[in-house]
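For reference, the structure is listed below as structure tokens.
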Amino acid sequence: MVESQLMLYARTRDPAVRDEIVREYLGFAHGLSHRYARRGEPVEDLEQVAAMALVKAVDRFDPERGVKFTTFAAPTIIGELKRHFRDKGWAVQVPRRLQELYLELGKTAGRLSQELGRSPTVAELADVVSASEEDVLEAMELGHTAYQGASLNQPTGDADGTTIADRLVAGDNPVEEASTNASLRSLLNRLPERERTILYLRYFEDMTQSDIADRVGLSQMHVSRLIRQSLTEMRRAARGGDPDSDDE
Amino acid sequence: MEDMTPDTDRVELVIPASAEYVVLARLTATGIASRIGMSYDDIEDLRVIAAEVCRLLIGDDNHATGTVAIAYSVNGTSLQIEAVGHTSPPAPEPADDDLSVLLLSALAEELDVVMHNGERRVRVVKRLSS
């Protein structure tokens with residue numbers, strides 16, 4: 001009986017008894033680790049974290065309090081699993097991984113479209129990039145939002161917290177302001193035609209970067225970079241500086 | 001969709017009672033969570049929460065037929081997920097050391113599991129951690 005073993009261990013602290021209890025609940029701990037598993041993390045590592053947490057839980061468990069051992073141990077084990085991910089910097093790694101996946105998807109989709117003569121399905125993409133369909137969908141979504149968000153409201157890095165939008169045109173409605181702003185138009189005209197088209201689509205047609213990428217046949221990353229560079233150049237030009245000089 | 005509280009946003013999703021559709025329950029949960037500014041950790045918790053809620057109603061062996069209706073309600077800084085199973089056979093009543101129940105108890109701030117007679121309902125609330 002595990003309950004009596006738990007009682008015995010609480011009294012004697014005999015390591016042999018503890019081992020028996022741990023063996024008894026190992027399946028439970030592993031089960032939790034599998035259910036809390038995140039992408040790309042080796043299952044054995046998670047099982048080990050859970051097993052160590054289980055040992056801790058056995059040590060701390062007080063049978064006198066009338067709580068079931070599993071009820072007591074689950075939060076400890078889950079907490080350790082979460083700490084494990086946190087220590088490994090998953091909060092940073094996963095978005096980055098998804099961003100990389102997003103970029104990879106763009107390339108893969110292009111290639112697959114040519115091979116298949118049609119746009120690939122998510123299942124096909126997931127298969128080629130060795131990710132789950134959920135990851136692919138999430139990456140698509142993340143890429144979309146991230147790049148959409150990274151446009152007008154991106155900080156310029158100035159101490160006063162102005163954004164690119166503030167810089168591009170000082171007004172509440174950039175599109176409207178910009179279209180009537182002759183000097184902005186003259187700045188736009190200094191840009192190469194491709195960049196001009198991209199900025200036009202972004203700020204005048206209000207298209208997302210991913211739609212622009214599709215339209216002009218570049219990756220979204222590339223479009224994002226071109227927009228950033230163009231805005232920098234325009235800012236310099238607006239301040240009367242030489243667009244080629246590095247006078248930040 | 002009418003709701004009693006004017007500042008509650010509600011999203012409803014009905015999925016076939018099948019493991020393959022659980023991903024939709026997860027994506028919807030995390031999508032909403034991200035909208036209300038939940039942190040990365042909270043969202044990871046929600047992925048697990050949404051999956052475990054469905055698992056309780058669909059059952060582990062994935063043999064049930066029917067649907068699971070999931071309502072997501074956002075109220076300021078908390079997200080409530082209430083799911084009702086309309087399945088045959090009805091999901092078994094979980095033991096109190098059922099893994100799903102333990103996970104949900106650990107990860108969510110509120111948990112109700114109502115699984116008797118004809119009723120199969122799970123309600124959880126996850127709050128934005130400060």
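Here are the numbers for this structure:
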{"item": "Reach of B:LYS126 by Cα under 18 Å, taken over lysines that are not fewer than 8 positions away in the same chain", "result": "A:LYS82"}
{"item": "Label-zone membership for the range A:1-35, site A:ASP62, 7 angstrom Cα→C-beta point, backbone N under 18 Å", "result": "A:6-13"}
{"item": "Cross-link reach list, lysines versus A:LYS107, counting only Cα pairs under 17 Å and skipping chain neighbours closer than eight places", "result": "none"}
{"item": "Residues A:VAL67, B:VAL84, sorted so that the one with the fewest Cβ neighbours within 10 Å comes first", "result": "A:VAL67, B:VAL84"}
{"item": "Chain B: most fluctuating residue of B:GLY76, B:GLY59, B:GLY85 per GNM, C-alpha cutoff 10 Å", "result": "B:GLY76"}
{"item": "Dipole-positive endmost among B:GLY59, B:ASN117, B:GLY85 within the range B:55-130 (Cβ charges, Cα centre)", "result": "B:GLY85"}
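We did not get these values from a lab; they are worked out from the coordinates using the rules stated. Fair warning: this is a prediction, and the values are worked out from it, not measured in the lab. A quick note on method: Cβ atoms are made from the backbone with ideal geometry, for glycine too, and the neighbour counts reach across all protein chains shown.
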